[in-house]
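Worksheet: the structure to be examined is printed underneath.
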Amino acid sequence: MRLVAAAVAFWATPLAAQDRLTPDQFLDLVEKRTASFSTFPGRQPVGTEQFLSRSRTVWARANGTCAYGLVTVEEGQVCFDYDDAAPGVTHCWVPFLRDARLFVASTDDLGEVQEVIEISDAPVVCTQAPLS
């Protein structure tokens, strides 16, 4: 319930303090780079995603397991299909800036918000190789 309240508070913030990014603007920031994500609020590590291109990623969860991802843009959202997910399961996010910090908000029913805490040139580290 607190997660939903945090997401609602984010969306209630005036546009001047929170600016939505287009998927292309987000991909411009992360293409050929690696983004590290944490929960918001709480700043618990979620994982890192290496954007190999605008359409392919390697997602390394906080536990070290990895999956390849296919990136698509759908209705103003950045969406990810991972090779280890059930068929038809897509994760879509709306990127935005708030107080010069980069965030993504999930479009699923839970309304999860994650903060991009770092963008670097370092590759992801996996305890297991991605499936495909």
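The values are calculated or read from the model by the stated rules, or taken from the named source; none is laboratory data. Predicted model, so just to flag it, every value in this text is computed and none were measured. Areas reflect the complete protein model, heavy atoms only, side chains present, ligands, DNA and RNA absent. Shrake-Rupley method; radii C 1.70, N 1.55, O 1.52, S 1.80 Å.
The equivalent ellipsoid that matches the C-alpha gyration tensor of the range 19-99 spans semi-axes of 18, 17, 13 angstrom, in descending order. Per residue, the range 36-132 exposes 51 Å² of solvent-accessible protein surface, assessed with a 1.4 angstrom probe and all protein chains in place.
If the viscosity is 0.890 mPa s and the temperature 25 °C, what translational diffusion coefficient in µm²/s does Stokes-Einstein give for the range 61-132 when Rh comes from Kirkwood over Cα pairs? For these conditions, the coefficient is 178 µm²/s. For Val89, the accessible surface of its heavy atoms amounts to roughly 60 Å² (probe 1.4 Å, protein chains only, rounded to the nearest 10). Going by accessible surface with a 1.4 Å probe and the largest first, Arg56, Arg61 read Arg56, Arg61.
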